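The values are calculated or read from the model by the stated rules, or taken from the named source; none is laboratory data. Worth saying up front: this structure is predicted, and the values here are computed from it rather than measured. Reconstructed Cβ throughout: ideal geometry from the backbone, glycine too, with neighbour counts over all protein chains shown. Areas reflect the complete protein model, heavy atoms only, side chains present, ligands, DNA and RNA absent. Shrake-Rupley method; radii C 1.70, N 1.55, O 1.52, S 1.80 Å.
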Amino acid sequence: SLCIAVLYYWLLTGFWGTTVGKRLVGAWVVTATNWSKVSLGAAFVRAIVFDVIPAIPIVGWIWFLLDNLWLLGDQRRQCLHDKAAGTIVVKGTALGG
């Protein structure tokens, strides 16, 4: 199931810039530097940090909480998995559309 989760977040973010849930609320993942399309490499890093680290026994739940609560105090509202991948989540229409 971990592999499926990584593939889901990686491929959907890398190819379409969004997941099903993000698309429903009009959110897109873009590069933090110039808001361009995310590369497959950045999407992979983002998926690994978001899915694999929380799966580590004992420390995983602490990381999950820290990662997701980080955005509350971050000026750009980035989670740690966004910082690791150099991405940011924005609301609006799709790039080029």
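With the requirement that a residue be outside any helix (DSSP H, G or I) and touching a residue at least 60 places away in the same chain (Cβ under 8 Å), what does segment 1-34 give you?
Listed by number, the residues that qualify are GLY17, THR18, VAL25, GLY26, ALA27, TRP28, VAL29, VAL30.
How many of the residues in segment 41-74 are open to solvent by less than 30 Å² (accessible area, probe 1.4 Å), under 19 Å from CYS3 (Cβ atoms) and free of Cβ contacts under 8 Å to residues at least 24 places away in the same chain?
1
Would you check if LEU24 is more than 12 Å from the chain's Cα centre (by Cα), exposed (fewer than 12 other Cβ atoms within 10 Å of the Cβ) and farther than 17 Å from LYS83 by Cβ?
It is true that LEU24 is more than 12 Å from the chain's Cα centre (by Cα), exposed (fewer than 12 other Cβ atoms within 10 Å of the Cβ) and farther than 17 Å from LYS83 by Cβ.
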